[in-house]
Every structure is written in structure tokens, then in C-alpha cells.
1. Among the residues of the stretch 55-73, is there at least one that is at pLDDT 75 or above and surrounded by fewer than 12 Cβ atoms within 10 Å (Cβ to Cβ)?
2. For the stretch 132-178, name all the residues that are in a loop (DSSP other than H, G, I, E, B) and among the hydrophobic types (A, V, I, L, M, F, W, C).
3. Looking at this structure, is G28 part of a helix (DSSP H, G or I) and at pLDDT 85 or above?
4. Which residues, counting only those in the stretch 89-113, are farther than 23 Å from L132 by Cα and of a type in the set (K, R)?
5. When the residues of the stretch 207-226 are narrowed to those that are more than 17 Å from T247 (Cα to Cα) and at pLDDT 85 or above, which ends up surrounded by the most Cβ atoms within 10 Å (Cβ to Cβ)?
6. Search the stretch 86-107 for residues that are more than 18 Å from E34 (Cα to Cα) and pair each with any residue that is acidic (D, E) and surrounded by fewer than 19 Cβ atoms within 10 Å (Cβ to Cβ) when their beta-carbon atoms are under 9 Å apart and the residues are at least 6 apart or on different chains.
7. Of all residues in the stretch 158-200 being in contact (Cβ under 8 Å) with a residue 40 or more places away in the chain and over 21 Å from L243 (Cα atoms), which is surrounded by the fewest Cβ atoms within 10 Å (Cβ to Cβ)?
Amino acid sequence: MAVEGAPDVPARRTPALSRGKAGCGFEGILSNLEELNLLSMTLRLALAMLGGGIIGATRGRHRRAAGMRTHLLVCIGAACTVLVGQYSALRYGGDPMRIPAQVVSGIGFLGAGSILVTGKKHITGLTTAAGLWASACMGLAAGAGYYACAVAMALLIFTALVLLNRLDAALVKASRSLEIYLEPEESQRLGQVILRLKQAGLQAIHVEAFPSPGGFPPGYRMELEILQPGLSRQEAREALNQLAGVTFWEELRS
């Protein structure tokens with residue numbers, strides 16, 4: 001029953017369930033792909049598989065925790081949930097996005113598994129977790145038949161993980177700071193190590209101690225700033241290699 005004075009609310013548009021229709025020309029093909037049929041289902045899953053595979057291959061090449069198969073399966077699974085939601089809504093009624101909505105929160109459990117905190121409190125895997133979440137969103141777009149968005153997402157994720165990775169590496173290379181983990185000799189005190197670092201042109205900005213079991217000297221997580229003008233990051237690493245009173249050191253990378 002219509003209420004006088006109430007604004008007209010447009011009904012939610014749900015793709016029609018069909019076996020495909022012959023449509024004339026390009027518009028007919030697009031109309032077929034917007035509906036839920038065998039052709040559109042196959043294309044949506046294939047697009048999700050292709051996009052997830054491309055993104056995952058770039059991560060697998062760098063030996064990340066989630067590689068091609070992980071991203072591919074996440075993307076296909078997300079696309080499938082949209083298809084199942086649309087099919088269920090057409091057959092039984094209800095909200096077609098109720099099932100796909102759980103993907104956005106559910107993928108967090110998989111992403112959390114790729115984030116590691118080492119004994120030196122160094123966090124790794126954040127980019128992998130973000131890539132999995134973005135790949136799931138790309139799969140949702142592909143499953144919903146939003147082909148342009150799915151393709152754009154694939155291109156943007158690829159750009160962020162591959163092309164911007166080079167830019168990120170260049171910015172790190174130009175940076176004047178180093179984050180390291182260092183273990184001094186048993187006879188050395190922290191103050192002596194910091195003094196030698198300063199003589200080598202490196203200033204300790206932040207120092208965090210990590211007690212070692214068995215009575216061994218503690219290790220230290222340090223944030224260093226290159227103070228000496230003209231001293232490159234590579235030269236700073238060589239200075240650390242030659243630093244007296246240090247048994248072990250390594251650079252912490254993201």
C-alpha cells in the first residue's frame with residue numbers, strides 16, 4: 001500500500017536467472033553477462049582466477065607466505081560467494097549480499113596467519129595480508145559481474161605490489177636510517193658499542209634490549225641514523241661489519 005507523501009524507493013536490482021539469450025550485437029552480449037547464467041558464471045570465475053593468479057605470482061616470486069595458489073583460491077572463493085548469494089536470492093529470496101558480506105571480515109583470519117612477529121619484535125607479512133584482503137575484494141567485484149572494477153582492481157594491486165615496490169626500495173635506499181639487531185661481545189657494555197657506532201658516523205636514536213636465556217649477553221634492536229655526510233647505506237653496513245666488540249648483527253627489513 002502506497003503512503004501519500006512518502007518518497008518512491010527504487011527496488012533493488014537483482015540479476016535474472018537464465019540460460020543465456022541470443023541478444024543482438026555488443027549490447028546483447030553485455031546484457032547476457034549481467035544476468036546469472038552459465039556464460040557469465042564461467043567468465044566471472046575465470047576473471048577472478050586470472051586476477052588472483054597474476055597478483056599471487058608476483059608474491060610467490062618473492063617467496064612470500066601467500067603465493068599464487070593462495071591468492072587464486074581466495075579470489076575464486078570470494079567470487080563464488082557472490083554467485084551463491086545471487087543464486088540463493090533468486091531461488092529462495094533474501095539479500096543477495098548477505099553471504100558475500102562475510103568474506104570481508106572472514107578474510108582477516110587468513111591475513112592474520114601471514115603476519116609474523118619475530119623474537120626481535122620485527123613485524124613481517126603486513127603487505128601479504130593486505131594483498132589477500134584486496135584480492136578477496138577483487139573476487140567479490142568479479143563475482144558480482146562488475147567486470148570493469150575487477151580489472152581495475154587487478155591492475156591497481158599489481159601496480160602497488162610490483163611497480164610501487166621499486167619506488168619503495170628506492171626511497172629506502174635514499175633513507176638516512178637503519179634498523180638493526182645487534183649482539184655485543186660478553187665483555188662489552190652497551191655504552192661502549194654506542195660510542196663506537198658514533199665514531200663510525202652512526203647515531204643510535206632508539207635502543208631496545210632483548211634478554212637472552214642462559215645468562216648470555218642481551219641483544220639489542222637499534223634504530224640508527226647516518227650522521228656522517230656522504231656516508232651511504234652500503235658504507236654504513238660495511239662499518240657495522242667491521243665494528244669491534246660485536247659478535248652478530250643483521251638489518252631488519254619490512
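The values are calculated or read from the model by the stated rules, or taken from the named source; none is laboratory data. What you are looking at is a predicted structure, and each value in this text was computed from that prediction instead of being measured. Don't worry about glycine lacking a Cβ; one is built from the backbone with ideal geometry, like all the others, and counts go over all protein chains shown.
1. There is no residue in the stretch 55-73 that is at pLDDT 75 or above and surrounded by fewer than 12 Cβ atoms within 10 Å (Cβ to Cβ).
2. As a first pass, look at the stretch 132-178 and keep what is in a loop (DSSP other than H, G, I, E, B): 144-146, 175-176.
Scanning the stretch 132-178 gives a single hit, A144.
3. Details: part of a helix (DSSP H, G or I): yes; at pLDDT 85 or above: no.
Criteria not met by G28.
4. R91
5. Ranking the candidates gives L224 first.
6. As it stands, the answer is A101/D95, since those pairs meet every condition given.
7. The residue in question is K173.
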